[in-house]
Amino acid sequence: MEIHVDSSRPERGSAAPFHLRVLGPLTVSRDGDTLALPASRKVRALLGYLALSPTAVTRSHLCEMLWDVPNDPRGELRWCLSKLRAIVDTAARRRISTPADSVKLDLQDCFVDALEIAGAVRQGLETIAVPELHELAKLFHGDLLEGSEIERSPAFDGWLVAQRRRFREAHMGILAQLVQRDSEEKIFSHLETWLELAPFDRQPHEALLRALARHGRIREGDEHLAATARLFEAEGLDHTPIRDIWREARSQKPCTKLSAATVTSSSAAPASQEAPANTAQTRRASVAVMPFVDHSSSLVIPGGPADGLAHDIITRLAKLRSLFVIAQGTVFALRDRNIAPDEAGRMLNVDYVVSGSMRRHGKRLIIAVELAETRTSRIAWAETFDQKPDDALHVLDEIGNRIVASIASEIEMIERNRAILRPPSSLDAWEAHHRGLWHMYRFSRPDNEQAQHFFETAIRLDPTFAPAFAGLSFAHFQNAFQNWRERGPEMDRAYEAAGQSLMADDRDPAAHWAMGRAQWLRGRHDESLLELEKAIELSPNFALGHYMLAFVHCQTGNARTAITAADHSRQLSPFDPLLFAMLGARAMALVRLKRFDDAATWGAKAAARPNAHAHILAIATYCLALAGRQEEAAAHMVRLHTRNPNYNVEDFLMALQFGPADAALWRLAASRVSA
């Protein structure tokens, strides 16, 4: 459950008349006096759950969360609410309301410690001053709702575990900021607390060793390293990276302050250090997919549907070849040792962790999944899939497709945005590639030139990095397709770079995608389709492969196949940077089927995308003209000519590859809008 912060609550630290502490044992106070709470754990759990619920909660949901098929769940809920009203309501103010068979707790003038923490995380811990961080750290008195666990309530237990993990991550994020920014004499206290929370997290160990070395406390560092080695070895973990950090720290001269780079990414090279050329194996973003929790049963049954879904996601992500995916055996072994996903991410030293749950509610199957950044503990993406499983295997397969495509898309977006903030001289091959992608998806001539530069940089740093060659091929493709440079030489360069991508890794779907585009550009449509089908065979979740298949079919192939492929690509990647092209391919296929009204609708959707280029605006203009929507067509033509004053239908037909009859139809559309 996402926790939202009510903007009408008092400012942090203000004197609110009503205080609710849920980080640790539940405590309620009014005007400074602590109130006695009922002995019932259900009452305390209900209060904590309502306090963290951003909206009113239905009675049926509360009954499902807190009771294991009682004789009279609504009666028991009414009893619990009566106990809560005695605590939180006053003659002047009733805090518990029950609108439309739901329950809501009014916290407008209340101070709730967990909501203060959630608000700080939402604001960004790096933006908060050190004195405020100290106050936030003092709010932690233990785990969320400590002592409020309920027997035989798997739904509540699942929620409680997830929320405890989230607030523990927030606590560690606050401590990391304090270690980075607080005065030198205070950081050891912060590190001690951090290590208590995460004894198997390399980051606080490395930060502590660097601090000890900086202060010349070598013997203490040796002792800590020895104790850490014994701790890690007992759990079957590799402590070599921590040992290497200590050796490095001991060899450096003492300095006066722990750097930000040391704390937040102690294993990364300094920004000023030149990336090594010809890296043997380019770094890739790493991800661990933890086994999903099955809330349908109180027993952990190995090999059940939840385990099967996690295994499927691991396999499909690995087929994309763009990520380093931790093997199934490792993550399942960590699950069997009761290692939580966040802790597993730190133990495995991965960039991202995927975790989720599965439960059945009546005839419906509900799957919740989230992607978290290990370094920042930020939830990068979360989704809940709620479907009626007429065919359970088909539903799980469909949900698995969407999860894999969403994870890959979100990670790529994060890596692109992160790379654009790095100094160009400090980029490694992976970062240079993603810097190139950032520029590539802007779809302008200057950005395309920048993209080409960064792809070439990535190739120089690692001549075996297949995705960089695929990106370079796309940049040359765009030069030819958009008529930004002389078409013939750019077609050859696109084909050559695609071939080098295949030579580097012929099992990378992006390499076959690049070759499919290059073959289409050369007019070899059969060869293009073979390459694109190979890309999809290698990775059925590769959204761009399905899109490009739609692109080829919408011009010279089967128009209905084009529509199916375009729809599938959008389903796999609904926020893709090439979404405008997916929509445009569908519109062009509809024109070939003479469904002009539908084509106009989809063409207008494509043109509404923020990065739509001139050819997409032309598709919308001509589709609207064919549908008789002349006023809208004229408006789109104005946009098109503002972008490219000399654009005409011959530019459109030169870029695309329609047969004679279809080309005549597009010329007819152009004549209508120019008349």
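The values are calculated or read from the model by the stated rules, or taken from the named source; none is laboratory data. What you are looking at is a predicted structure, and each value in this text was computed from that prediction instead of being measured. With ideal geometry, Cβ positions are generated from the backbone for all residues, glycine too; neighbour counts draw on all protein chains shown.
Here's a check for you: in region 549-572, which residue that is surrounded by fewer than 24 Cβ atoms within 10 Å (Cβ to Cβ) and among the small types (Gly, Ala, Ser) is modelled with the lowest pLDDT?
Within region 549-572, the match that is modelled with the lowest pLDDT is GLY557.
Within region 155-176, count every residue that is touching a residue at least 40 places away in the same chain (Cβ under 8 Å), over 23 Å from the mean Cα position of the chain (by Cα) and surrounded by fewer than 20 Cβ atoms within 10 Å (Cβ to Cβ).
Selection size over region 155-176: 1.
To keep it simple, each residue is scored yes or no on (1) of a type in the set (A, V, I, L, M, F, W, C); (2) out of contact with any Asp or Glu (no Cβ under 9 Å at 6 or more places or on another chain); (3) within 26 Å of SER409 (Cβ to Cβ); (4) assigned by TED's automatic domain parsing to the domain that holds ALA511.
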site	(1), (2), (3), (4)
VAL293	yes, yes, yes, no
GLY304	no, no, no, no
ARG321	no, no, yes, no
VAL325	yes, yes, yes, no
ALA333	yes, yes, no, no
ASP336	no, yes, no, no
GLY345	no, no, yes, no
LEU348	yes, yes, yes, no
VAL354	yes, no, yes, no
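If you check THR374 against the conditions, is it within 24 Å of TRP159 (Cβ to Cβ) and in contact with a strand residue (DSSP E or B) (Cβ under 9 Å, 6 or more places away or on another chain)?
yes
Can you tell me which of ALA634, ALA612, ALA604, ALA625 is in contact with a Leu (Cβ under 7 Å, 6 or more places away or on another chain) and touching a residue at least 12 places away in the same chain (Cβ under 8 Å)?
One residue alone meets the criteria, ALA604.
What are the pairs, 6+ residues apart or on separate chains, where a residue within region 40-58 that is assigned by TED's automatic domain parsing to the domain that holds ARG95 and over 13 Å from THR27 (Cα atoms) has its Cβ under 9 Å from a residue that is in a helix (DSSP H, G or I) and of a type in the set (Ser, Thr, Tyr)?
Matching pairs, first to second residue: VAL57/TYR49.
So which of TRP381, TRP438 ends up being touching a helix residue (DSSP H, G or I) at 6+ places or on another chain (Cβ under 8 Å) and assigned to a helix (DSSP H, G or I)?
When all the criteria are applied, what remains is TRP438.
Report the residue count in region 116-131 for those that are farther than 18 Å from THR376 by Cβ and either surrounded by 16 or more Cβ atoms within 10 Å (Cβ to Cβ) or among the basic types (Lys, Arg) (or both).
1
State which residue is nearest to ASN611 (Cα to Cα) when the search covers only region 478-504 and only residues that are assigned to a loop (DSSP other than H, G, I, E, B) and without any contact (Cβ under 8 Å) to a residue 24 or more places away in the chain.
Selected residue: ARG485.
So for region 104-118 (the condition being free of Cβ contacts under 8 Å to residues at least 40 places away in the same chain and outside any helix (DSSP H, G or I)), does at least one residue qualify?
Looking for residues that are free of Cβ contacts under 8 Å to residues at least 40 places away in the same chain and outside any helix (DSSP H, G or I), one finds at least one in region 104-118, hence yes.
For region 410-432, name all the residues that are under 10 Å from the mean Cα position of the chain (by Cα), surrounded by fewer than 21 Cβ atoms within 10 Å (Cβ to Cβ) and among the aliphatic types (A, V, I, L, M).
MET413, ILE414 - these are the residues of region 410-432 that are under 10 Å from the mean Cα position of the chain (by Cα), surrounded by fewer than 21 Cβ atoms within 10 Å (Cβ to Cβ) and among the aliphatic types (A, V, I, L, M).
Within region 339-350, does at least one residue satisfy the condition of being at pLDDT below 80 and more than 21 Å from PRO574 (Cβ to Cβ)?
Checked against the condition, which is being at pLDDT below 80 and more than 21 Å from PRO574 (Cβ to Cβ), region 339-350 yields no hits at all.
I'd like to verify a number: residues in region 107-118 that are modelled with pLDDT of 90 or more and not hydrophobic (A, V, I, L, M, F, W, C), how many?
Going through region 107-118 one residue at a time, the tally reaches 2.
Of ALA618, ALA612, ALA604, which residue is outside any helix (DSSP H, G or I) and among the hydrophobic types (A, V, I, L, M, F, W, C)?
ALA612
Just to be sure, is VAL354 in contact with a Leu (Cβ under 6 Å, 6 or more places away or on another chain) and without any contact (Cβ under 8 Å) to a residue 40 or more places away in the chain?
Considered against the rule, which asks whether it is in contact with a Leu (Cβ under 6 Å, 6 or more places away or on another chain) and without any contact (Cβ under 8 Å) to a residue 40 or more places away in the chain, VAL354 comes out as no.
Which of the residues spanning region 458-494 are β-branched (Val, Ile, Thr) and either more than 19 Å from HIS439 (Cα to Cα) or surrounded by fewer than 21 Cβ atoms within 10 Å (Cβ to Cβ) (or both)?
THR464
Can you name the residue in region 497-543 that is at pLDDT 95 or above and among the aromatic types (Phe, Trp, Tyr) and, of all such residues, is surrounded by the most Cβ atoms within 10 Å (Cβ to Cβ)?
By that ranking, first place goes to TRP513.
Does SER29 qualify as being of a type in the set (Ser, Thr, Tyr), under 26 Å from HIS141 (Cβ atoms) and either crowded, with 16+ Cβ neighbours inside 10 Å or at pLDDT 90 or above (or both)?
In short, yes.
Which ones in region 119-154 are part of a loop (DSSP other than H, G, I, E, B), over 25 Å from the mean Cα position of the chain (by Cα) and either closer than 18 Å to GLY24 by Cβ or of a type outside the set (Gly, Ala, Ser) (or both)?
LEU139, PHE140, HIS141, GLY142, ASP143, LEU145, GLY147, SER148, GLU149, ILE150, GLU151, ARG152
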